[in-house]
Amino acid sequence: MNWIDLTDAAALTSIKKKSFEKPQVIFKHSTRCSISSMIKNRLERETVPDNADFYYLDLIAYRNISNQIADDYSVVHESPQILLIRNGECVYEESHNGITMDEIIEQLN
């Protein structure tokens, strides 16, 4: 897994713009949560599809970005959480043990 680190709120504008050309996936991870660490490890062991960009957000360090995502896409903040952005909108959101690469791939297709 080659995560793209999401460390700047300005990148959210770029993600939205890119989502019109290619789906964008944001993984919100809490470095203080064992469930979040388990989900991150599970995702990293899977084959990553090349038809989307995958972003990693350390929401403890960048809570402001997490809050902005919740506002921009009208989603309730959760951790861990995965969001699929397509054509400027969040078209899929899942959290905790519901996060699987198989489901992400299904949503991408």
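Nothing in this text is a laboratory measurement; each read-out follows from the coordinates by a stated rule. The structure presented is a predicted model; accordingly, all values stated were derived computationally and were not measured. No Cβ is skipped: glycine too gets one built from the backbone with ideal geometry, and neighbour counts run over all protein chains shown.
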Residue-count net charge about D53 - beta-carbon cut-off 9 Å; Lys, Arg +1, Asp, Glu -1:
+2
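What's the whole-number percent of alpha carbon pairs in segment 61-109 lying beyond 13 angstrom? If you can, show how the numbers build up before the last one.
Numbers: 683 of 1176 pairs.
Percent of Cα pairs beyond 13 Å in segment 61-109: 58.
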Taking segment 1-93, which trypsin sites (Lys or Arg not before Pro) meet the DSSP loop condition and have no more than 10 other C-beta atoms within 10 Å?
R32, R45
Within segment 4-108, the percent of DSSP beta bridges that are antiparallel, given to the nearest 5, stands at 60 percent
Approximate spin-label separation T13-S37, in nm, with each point projected 7 Å along Cα-to-Cβ:
3.7 nm
Regarding the chain, what are the three Cα extents along the principal axes, ordered largest first, in Å?
32, 30, 23
Just the C-alpha atoms of segment 1-63: what Rg/Rh do they give, with Rh taken as the Kirkwood radius?
0.98
Candidate cut points under GluC sites (Glu not before Pro) in segment 4-82, DSSP loop plus at most 13 other Cβ atoms within 10 Å of their own Cβ, are E21, E46
Where in segment 9-33 is the amide nitrogen less than 16 Å from a point lying 7 Å along the Cα-to-Cβ axis of A61?
9-11, 27-33
